[in-house]
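Report on one structure; see the data block that follows.
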Ligand code: SF4
Ligand code: FES
């Protein structure tokens, strides 16, 4: 790495390796940029826009914009965090998220990111969409009420499991997760509890059966620290 391979993030130098995105370089330097659809094991998807930063004054997704020498990147500003909070509020009202009764509470990246961004309420009117719960599979539950359409399960099933169990159908507000079976039921796909896609969901959609609350509330990932703490720990 040459001395020139640096950009600034909120005024501080961040080194980068060739080919790294702003988010990857920031993480490696211990700097948190909020994100939902990005995961270190997969190519960026760039859909949730929670990671949006200002790059030399222009908006860009930190998970897809390549780092380059001399870039001036702004992330932890009031303006950007307010926009992130709005996006999070929209995600909450577009689905049915009842954190106190959700098995994923405390382990949920959406919930943790909302806390991180200081979200105290949904702000917008709840849409209460009619979404399915698919309990057909013997080992796994699919609660579509909580889906944020990040496509991590789609990518994991396709790229790691080689199965293509999941896909997103429809557009805009009608977009929804579907599974690869004529019946539309998870049990009729090739899905298995050992698939990578079975443990990738950042929210509480894809859950193992018979393991509810094995880890007590208060001892879960984001009970121990914030989304930023967990992200820094994971990246180190
Ligand atoms: Fe993302 Fe989970 Fe929905 Fe799949 S089920 S798209 S991993 S939120
Ligand atoms: Fe970058 Fe979702 S994390 S767009």
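What follows draws every value from the coordinates through simple rules; no lab data is involved. Keep in mind the model is a prediction, meaning the values are calculated, not measured. With ideal geometry, Cβ positions are generated from the backbone for all residues, glycine too; neighbour counts draw on all protein chains shown.
Some points to look at:
- Spin-label model distance (nm) - residue 174 vs residue 68, 7 Å beyond Cα toward Cβ: 3.9
- Cα Rg, Dmax (largest Cα-Cα span) when computed across the range 35-122, Å: 14.2, 47
- Extended-chain gain in nm, criterion 0.36 nm per residue less alpha-carbon gap, residue 160 and residue 115: 13.1 nm
- Shape category assigned to the chain from the gyration tensor of Cα positions, a/c cut at 1.5: prolate
- Taking the average, over residues, of other Cβ atoms within 10 Å as the packing measure, peptides 135-148, 10-23 rank 135-148, 10-23 from highest down.
- Inter-label distance, nm, simple model (7 Å from Cα along the C-beta direction), residue 82/residue 125: 2.4
- Taking a ≥ b ≥ c as the square roots of the eigenvalues of the Cα gyration tensor, the range 1-79 is oblate, since a/c reaches 1.5 or more and a/b is not larger than b/c.
- Sorted peptide list for 49-55, 160-166, 224-230, criterion being average Cβ within 10 angstrom, highest first: 49-55, 160-166, 224-230
- Per the Debye calculation on the range 97-154 with a single equal scatterer at every Cα and no solvent contribution, log₁₀ I(q)/I(0) for q = 0.23, 0.26, 0.28 Å⁻¹ amounts to -1.23, -1.41, -1.46.
- Dividing the summed -39500 (n - 2.57) terms of all DSSP H runs of n ≥ 4 by the residue count of the chain sets its mean residue ellipticity at 222 nm at -6000 deg cm²/dmol.
- Shape category assigned to the range 51-182 from the gyration tensor of Cα positions, a/c cut at 1.5: oblate
- Each residue, residue 17 and residue 232, gets one label point 7 Å from its Cα in the Cβ direction; the gap between the two is 2.2 nm.
- Angle between the chain longest axis and helix 78-94 axis [Cα atoms, degrees, rounded to 10]: 10
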